[in-house]
1. What's the total number of residues in region 144-172 that are assigned to a loop (DSSP other than H, G, I, E, B), farther than 12 Å from residue 46 by Cα and within 16 Å of the chain's Cα centre (by Cα)?
2. Just checking, how many residues over region 1-19 are surrounded by 10 or more Cβ atoms within 10 Å (Cβ to Cβ) and touching a residue at least 12 places away in the same chain (Cβ under 8 Å)?
3. Which of the residues that make up region 1-29 are of a type in the set (A, V, I, L, M, F, W, C) and touching a Lys or Arg at 6+ places or on another chain (Cβ under 9 Å)?
4. Taking region 140-176 only, how many residues are of a type in the set (A, V, I, L, M) and open to solvent by less than 40 Å² (accessible area, probe 1.4 Å)?
5. Would you check which residues across region 130-168 are without any contact (Cβ under 8 Å) to a residue 60 or more places away in the chain and under 19 Å from residue 64 (Cβ atoms) and list them?
6. If the requirement is being within 22 Å of residue 36 (Cβ to Cβ) and of a type in the set (S, T, N, Q), which of these qualifies: 174, 75, 112?
7. Is it the case that some residue within region 114-135 is part of a helix (DSSP H, G or I) and within 22 Å of residue 87 (Cβ to Cβ)?
8. Mind listing whichever residues of region 20-46 are in contact (Cβ under 8 Å) with a residue 24 or more places away in the chain, in contact with a helix residue (DSSP H, G or I) (Cβ under 7 Å, 6 or more places away or on another chain) and among the charged types (D, E, K, R)?
Amino acid sequence: MAERIVEQVRKRFAREKIFDRLVSLADPDARPIRRGKPAKPNEFGYVVQFAELTTHTRRGARGLILPPKLDPGSTHDNTLLPKTVAELTALGIRPREAAFDAGFIPQVTASTLPSGCTPFISGTSRPGSPHTRRRLRRYRVGCEGRIAHLKRSYGAGRSRLRGTDGARIWEAWTVLAYDLDTVVALT
């Protein structure tokens, strides 16, 4: 670790670009994430993608969450989507609709999803009836609350384990605890 720090200091004084910059002594795998928030423009850690499967998108829908996909640093949402689609394919699940936030690129998202799956991306022009658009828009907004619930009640977003593997383990246990609570609530 000391050699890595010395090498980064040498590159800094030589005005060379540092691609594997050490941003945290506690978690060497953490990478900088640039956000548009005025209070916290820079954060450090990992980007996590959650995918929830529900039988319907009506009010109060609660489903199971797939194992989360995670990458260090400022990873684009579409980068993690093929891993999520591969998980769905391995399980033999072919969703009819999928709701995404505005961070997804419409063309890339539509080409990544399995055939027959209609993507809904917030803030873009989309085909379908006004009723369908409103239903999917409301469902996607509800997912933001689900993510906040995962963070507050289950500890998602603040891994106490070090490194990328530690963050993956932490998020997987978070999702497992949520899914177990969901199964108990449904039975």
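The values are calculated or read from the model by the stated rules, or taken from the named source; none is laboratory data. These numbers come from a predicted model, not from an experiment. We place every Cβ from the backbone using ideal geometry, glycine too, and count neighbours over all the protein chains shown. We work out accessible area using only protein heavy atoms, side chains counted, and drop any ligands, DNA or RNA first. Shrake-Rupley method; radii C 1.70, N 1.55, O 1.52, S 1.80 Å.
1. At the first step, the residues of region 144-172 found to be assigned to a loop (DSSP other than H, G, I, E, B) are 155-162.
Then drop every residue that is not farther than 12 Å from residue 46 by Cα, which leaves 155, 160-161.
Checking which are within 16 Å of the chain's Cα centre (by Cα) leaves us with 155.
Counting residues in region 144-172 that are assigned to a loop (DSSP other than H, G, I, E, B), farther than 12 Å from residue 46 by Cα and within 16 Å of the chain's Cα centre (by Cα) gives 1.
2. Final tally of qualifying residues: 3.
3. Taking region 1-29 as the starting set, the residues that turn out to be of a type in the set (A, V, I, L, M, F, W, C) are 1-2, 5-6, 9, 13-14, 18-19, 22-23, 25-26.
Within region 1-29, 18, 22, 23, 26 qualify.
4. Step one: of region 140-176, the residues of a type in the set (A, V, I, L, M) are 141, 147-148, 150, 156, 161, 167, 169, 172, 175-176.
Filter again for open to solvent by less than 40 Å² (accessible area, probe 1.4 Å), leaving 148, 150, 156, 167, 175.
Counting residues in region 140-176 that are of a type in the set (A, V, I, L, M) and open to solvent by less than 40 Å² (accessible area, probe 1.4 Å) gives 5.
5. 140, 144, 145, 148, 149, 151, 153, 154, 155
6. Values: 174 fails: within 22 Å of residue 36 (Cβ to Cβ); 112 fails: within 22 Å of residue 36 (Cβ to Cβ).
Among 174, 75, 112, only 75 is within 22 Å of residue 36 (Cβ to Cβ) and of a type in the set (S, T, N, Q).
7. So the first thing to find is which residues in region 114-135 are part of a helix (DSSP H, G or I), and the list is 130-135.
Subset that is within 22 Å of residue 87 (Cβ to Cβ): none.
No - not one qualifying residue is present in region 114-135.
8. 27, 29
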